[in-house]
Amino acid sequence: MRTPTLFTTAIGTLALAASVGAHAQASGPIKVGLMLPATGTFAALGVAIENGFKLYVQEQGGKLAGRDIQYFKVDDESDPSKGTDNVNKLIKRDNVDVIVGTVHSGVALAMAKAAKDSNTLLIVPNAGAGDITGPMCGPNIVRSSFSNWQPGYATGVIAAQKGHKRAMTITWNYAAGNETVKGFTEAFEKGGGKVMKDLNLPFPGVEFQALLTEIAAQKPDVVFAFFAGGGAVKFVKDYAAAGLMKTVPLMGSGFLTDGTLEAQGEAAQGLITALHYADNLDTPRNNAFRKNYAIAYKANADVYAVQGYDAAQIFAAGLNAVKGDLAKRDALTAAMRKVTVDSPRGKFTLSAAGNPVQDMYIREAKGKDNEFRGVAVKALADPGRGCKL
Ligand code: PHB
């Protein structure tokens with residue numbers, strides 16, 4: 001056998017460096033880019049996601065696969081028009097190894113395009129835009145949260161089961177609102193109901209009065225709403241103040257009451273929603289998670305915290321498979337995609353398109369918690385329309 005000369009070794013090193021690309025470094029800290037809203041109607045959601053991600057890393061001793069983690073942060077302001085510039089700060093300026101973000105579907109679509117163009121790893125810890133795990137799917141993109149269709153569909157199932165026949169929907173007019181309403185309509189009409197009218201207003205508007213007047217005039221059997229964060233707080237309070245809670249039952253995907261119950265107070269009590277998490281899931285995994293979260297952040301965990309935590313778990317699964325060697329990109333992404341995540345929400349896997357296949361729960365708002373009331377749909381998978389891998 002020939003011993004390698006200095007020359008062949010050097011060539012080998014060069015070839016390796018080229019195949020790794022600009023991002024991957026074999027040692028030193030792993031650079032994690034957090035692109036989340038720190039301002040605006042979704043600000044609290046961004047905080048919970050970041051907290052959740054960091055909690056998991058802390059639980060691993062502050063390292064993943066034995067490597068330190070260095071964070072780079074961008075406030076995306078939930079503004080799609082700034083999405084490309086903002087994500088490029090992480091990709092081009094900070095040269096991060098992975099991007100975790102974001103909350104808003106419109107911003108996340110810009111991020112997914114930039115991630116695809118630059119082959120940067122992207123883990124989406126909230127935004128449900130169907131295209132991300134549909135036509136834009138790719139080996140380097142996974143989601144730890146949901147597709148917009150999933151909670152909408154699950155709420156449609158339970159609204160029909162309750163015997164409601166005539167529904168109106170109300171949401172912000174952007175990808176998340178429209179796709180969630182589509183999922184609701186699909187299941188509700190399959191279950192024998194009919195959506196009479198879709199109402200909407202521009203994101204992140206909170207001028208609900210004229211729309212509430214229309215609901216009062218039309219008197220549907222049920223209203224389905226998608227709002228989240230600060231907008232959800234205002235909507236639920238306004239709906240109650242208009243005297244509609246008693247006359248027209250309000251349902252929503254669970255974001256309507258998640259992370260918002262303290263601010264909504266009385267107005268939200270008793271609201272029934274569907275989502276892939278419930279606060280009081282009585283499992284050792286969820287109990288430990290909620291306890292550790294409360295100790296670390298002096299706040300109650302919510303669905304956004306879970307999604308951030310699980311984003312870190314998915315990334316860790318990839319890193320552990322390659323012992324922290326980011327250069328082994330194909331093995332890393334393959335391991336991320338075939339993980340079974342031991343989530344506080346319950347165990348879940350990822351679809352071929354990289355979206356969680358997960359149980360959707362019925363919840364009721366009680367005090368400061370969204371309490372488990374049953375399973376709306378078991379192991380619900382987004383259809384992943386248009387994903388070719
Ligand atoms: C979204 O824009 O995809 C979105 C935002 C907030 C949520 C859920 C989905 O709570």
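The values are calculated or read from the model by the stated rules, or taken from the named source; none is laboratory data. Please read all numbers here as calculations on a predicted model, not as lab measurements. Note that we place each Cβ from the backbone using ideal geometry, even for glycine, and neighbour counts take in every protein chain shown. Each accessible area value is taken on the protein alone, full model and side chains, heavy atoms only, with ligands, DNA and RNA left out. Shrake-Rupley method; radii C 1.70, N 1.55, O 1.52, S 1.80 Å.
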Report task. Would you confirm whether any residue within segment 306-326 is within 23 Å of Phe255 (Cα to Cα), in a loop (DSSP other than H, G, I, E, B), touching a strand residue (DSSP E or B) at 6+ places or on another chain (Cβ under 7 Å) and within 16 Å of the ligand (Cβ to nearest atom)? Result -> no
Report summary line: Those strands (runs of 3 or more DSSP E) completely within segment 79-181 that have 3 or more residues that are modelled with pLDDT of 95 or more and more than 12 Å from the ligand (Cβ to nearest atom) are 98-100, 121-124, 166-172
Query raised in the report: Taking segment 255-305 on its own, how many of its residues are part of a helix (DSSP H, G or I) and not small (Gly, Ala, Ser)?
Result: 19
Query - So Leu281, is it within 29 Å of Asp131 (Cα to Cα) and within 21 Å of the chain's Cα centre (by Cα) - result: no
Report task. Can you confirm whether segment 198-208 contains a residue that is surrounded by 14 or more Cβ atoms within 10 Å (Cβ to Cβ) and of a type in the set (D, E, K, R)? Result -> yes
Report summary line: Matching residues in segment 60-89 (surrounded by fewer than 17 Cβ atoms within 10 Å (Cβ to Cβ) and on the phi > 0 side of the Ramachandran plot) number 3
Query - Among (1) under 22 Å from Ile30 (Cα atoms); (2) open to solvent by 10 Å² or more (accessible area, probe 1.4 Å) - the single one Gly308 does not satisfy - result: (2)
Report task. Scan Asp221, Asp198, Asp258 and give me the residue that is within 16 Å of the ligand (Cβ to nearest atom) and closer than 20 Å to Thr155 by Cβ. Result -> Asp258
Report task. Only residues that are open to solvent by 10 Å² or more (accessible area, probe 1.4 Å) and either within 16 Å of the ligand (Cβ to nearest atom) or at pLDDT below 95 (or both): list them for segment 182-193, please. Result -> Lys182
Requested in this report: Consider Gly134 carefully, then state whether it is open to solvent by 10 Å² or more (accessible area, probe 1.4 Å) and under 10 Å from Asn355 (Cα atoms).
Outcome: no
Query - Subset of segment 344-375 (residues that are closer than 30 Å to Gly265 by Cα, open to solvent by 10 Å² or more (accessible area, probe 1.4 Å), in contact (Cβ under 8 Å) with a residue 60 or more places away in the chain and part of a strand (DSSP E or B)) - result: Gly346, Asp359, Tyr361, Ile362, Glu364, Lys366, Asp369, Glu371, Phe372, Arg373
Query raised in the report: Can you find a residue in segment 144-153 that is of a type outside the set (Gly, Ala, Ser), open to solvent by 20 Å² or more (accessible area, probe 1.4 Å) and within 30 Å of Val341 (Cα to Cα)?
Result: yes
Query raised in the report: out of contact with any strand residue (DSSP E or B) (no Cβ under 7 Å at 6 or more places or on another chain), touching a residue at least 24 places away in the same chain (Cβ under 8 Å) and within 16 Å of the ligand (Cβ to nearest atom), is that true of Ala232?
Result: yes
Query raised in the report: Of the residues Leu319, Leu380, which single one is over 13 Å from Ser144 (Cα atoms) and within 16 Å of the chain's Cα centre (by Cα)?
Result: Leu380
